[in-house]
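Derivation of every value follows stated rules applied to the coordinates shown; laboratory data play no part. Note that the structure is predicted; figures quoted are calculated from it, not measured. With ideal geometry, Cβ positions are generated from the backbone for all residues, glycine too; neighbour counts draw on all protein chains shown.
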Amino acid sequence: MLYLPLMLPEHRATSYAHDPALTKVLVVSDQGPRPSLSGDVPAKLLLDAANHLVGVDLVPSTPERLVVMLGPHESVARVVDATVHVEGAGRTLTITGHAAKEIAAGASPYVS
């Protein structure tokens, strides 16, 4: 029997900004492939061992699922449930409040 792995609808982040004073993280990707994604949506934050953001899995249990990756899947050490604000069909993601506090402050080691 031939096994075909499930392909995730994945896009690469092109920019990242973290402002701990505002408790806000902004992630931008080069494409907005999910026109129906907007507003506050359930998500999973993919964090590495140092709590840097590796990726964001938006609406993971729906057909509109979108994964925006900053780093490699192999770097994910833990997953945190969150609500993420989505604009531009998934192109711009804003993480605020408690979820943003889970993410290590400073520049991303994955996005330059």
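Counting only C-alpha contacts under 8 Å and six or more residues apart, can you give the relative contact order of segment 10-101 as a whole percent?
36 percent
In a shell of Cβ-Cβ distance under 14 Å around residue 102, excluding residue 102 itself, what net charge do Lys and Arg (+1) and Asp and Glu (-1) give?
Surrounding charge for residue 102 is +2.
Along segment 88-103, what does the Karplus equation 6.51 cos²θ - 1.76 cosθ + 1.60 (θ = phi - 60°) give for ³J(HN,Hα), rounded to whole Hz, x for Gly and Pro?
These are the phi-based 3J(HN,Hα) values: x, 6, x, 6, 10, 10, 10, 10, 10, x, 4, 4, 5, 5, 6, 8 Hz.
With a Cα-only, solvent-free Debye model of segment 10-101, what are the log10 I(q)/I(0) values at q = 0.11, 0.14, 0.15 Å⁻¹?
Each listed q maps to, in turn, -0.25, -0.41, -0.48.
State, to one decimal in nm, how far the label point of residue 15 lies from the label point of residue 85, with both points 7 Å from Cα in the Cβ direction.
1.7 nm
What is the sum of charges around residue 25, taking Lys and Arg as +1, Asp and Glu as -1, for the other residues whose C-beta is under 12 Å from the C-beta of residue 25?
0
As a test of the formula, what do you get for the chain when each DSSP H run with n ≥ 4 contributes -39,500 (n - 2.57) and the sum is divided by the residue count, at 222 nm and rounded to the nearest 500 deg cm²/dmol?
-1000 deg cm²/dmol
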